[in-house]
1. What pairs come out if I take residues in the stretch 58-82 that are at positive phi and pair them with residues that are buried (at least 18 other Cβ atoms within 10 Å of the Cβ) and of a type in the set (Phe, Trp, Tyr) whose C-beta lies under 9 Å away, six or more apart or interchain?
2. I'm trying to understand the selection: among the residues of the stretch 41-74, which are assigned to a helix (DSSP H, G or I) and out of contact with any Phe, Trp or Tyr (no Cβ under 9 Å at 6 or more places or on another chain)?
3. Quick check: is even one residue across the stretch 188-197 surrounded by fewer than 17 Cβ atoms within 10 Å (Cβ to Cβ), among the aliphatic types (A, V, I, L, M) and either free of Cβ contacts under 8 Å to residues at least 40 places away in the same chain or in a loop (DSSP other than H, G, I, E, B) (or both)?
4. Scan the stretch 140-151 and tell me whether some residue there is in a loop (DSSP other than H, G, I, E, B) and either over 23 Å from Leu92 (Cβ atoms) or touching a Phe, Trp or Tyr at 6+ places or on another chain (Cβ under 7 Å) (or both).
5. Which of the residues that make up the stretch 118-140 are touching a residue at least 24 places away in the same chain (Cβ under 8 Å), within 15 Å of Ala100 (Cβ to Cβ) and touching an Asp or Glu at 6+ places or on another chain (Cβ under 8 Å)?
6. Filter the stretch 4-32 for residues that are more than 24 Å from the chain's Cα centre (by Cα) and not hydroxyl-bearing (Ser, Thr, Tyr); which is modelled with the lowest pLDDT?
7. Just name the residue that is modelled with the lowest pLDDT out of those in the stretch 111-125 that are in a loop (DSSP other than H, G, I, E, B), touching a Phe, Trp or Tyr at 6+ places or on another chain (Cβ under 9 Å) and not β-branched (Val, Ile, Thr).
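The values are calculated or read from the model by the stated rules, or taken from the named source; none is laboratory data. Remember, predicted model here, so these are calculated numbers, not experimental data. Note: ideal-geometry Cβ built from the backbone for every residue, glycine included; neighbour counts use all protein chains shown.
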Amino acid sequence: MTEHTRQNASDPLAARQALRREKIAARQRMPESVHRAASSAICHHLADFLLARPPGVIAFCAPMRGEADCRPLIERLLAAGWQAAMPVVRALHAPMEFFAWWPQAPMDFDPYGIPVPATHRCRAPDVLLLPLVAFDAAGYRLGYGGGYFDRTLAAMQPRPLTIGVGFDLGAVADLHPQPHDIPLELIVTESGIRSFQRP
């Protein structure tokens, strides 16, 4: 029985924190060759899906703490006429803004030490790639606990296509979502694409 399982019934917040630690540690233990192959497979699945769509603006995050590296995918999309952006925290506890990214874009760090573009603000994305620490069978994601993506999506009209990006090791049966949690439309891992129907 994992720490997450033991705590889930009595303390949902502690259970999420335990699950977050467990899944980040598992991700960071992935051998480099396995991580590289899994990231490549994720990019391949996403390319097959996105290149069939009209070019638009796609937002993604710089990889950190063992996340999948989507930059090869983004460069391929740029060559096909897409534009790219990264979400940027400009004010704590507020929705994020989107700043243009390209391979040689000047970079800075946000208040959490995450690399972000030091460029110009751009329009809201048509597609948003969200990093996953964990995800469940209903399409809910577990991130790092700041709530920024949920706040950002709640403020966006229309909402972009939301695609969670992570590894199979992050799968759990049920994250017991909180009222503010927003489920994703797609989740992509090294094994393929999961689609979730919404009302």
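1. Qualifying pairs under 9 Å: Gly66/Phe167.
2. The initial filter retains those residues of the stretch 41-74 that are assigned to a helix (DSSP H, G or I), namely 41-50, 71-74.
Passing the criteria: Ala41, Cys43, His44, His45, Leu46, Ala47, Asp48, Phe49, Pro72.
3. So far as the stretch 188-197 goes, no, none of its residues is surrounded by fewer than 17 Cβ atoms within 10 Å (Cβ to Cβ), among the aliphatic types (A, V, I, L, M) and either free of Cβ contacts under 8 Å to residues at least 40 places away in the same chain or in a loop (DSSP other than H, G, I, E, B) (or both).
4. Start the filter on the stretch 140-151 by keeping residues that are in a loop (DSSP other than H, G, I, E, B), which leaves 140, 143-147.
Narrowing the set further to residues that are either over 23 Å from Leu92 (Cβ atoms) or touching a Phe, Trp or Tyr at 6+ places or on another chain (Cβ under 7 Å) (or both) leaves 140, 143.
Within the stretch 140-151, one or more residues are in a loop (DSSP other than H, G, I, E, B) and either over 23 Å from Leu92 (Cβ atoms) or touching a Phe, Trp or Tyr at 6+ places or on another chain (Cβ under 7 Å) (or both).
5. Scanning the stretch 118-140 gives a single hit, Arg121.
6. Per the criteria, the residue is Gln7.
7. Of all residues in the stretch 111-125, those in a loop (DSSP other than H, G, I, E, B) come to 111-114, 118-120, 122-125.
Pick out the ones that are also touching a Phe, Trp or Tyr at 6+ places or on another chain (Cβ under 9 Å) and you get 112, 118-120, 122-125.
This time we only want the ones that are not β-branched (Val, Ile, Thr), so: 112, 118, 120, 122-125.
On the way: Tyr112: 82, Ala118: 96, His120: 95, Cys122: 95, Arg123: 93, Ala124: 94, Pro125: 97.
Ranking the candidates gives Tyr112 first.
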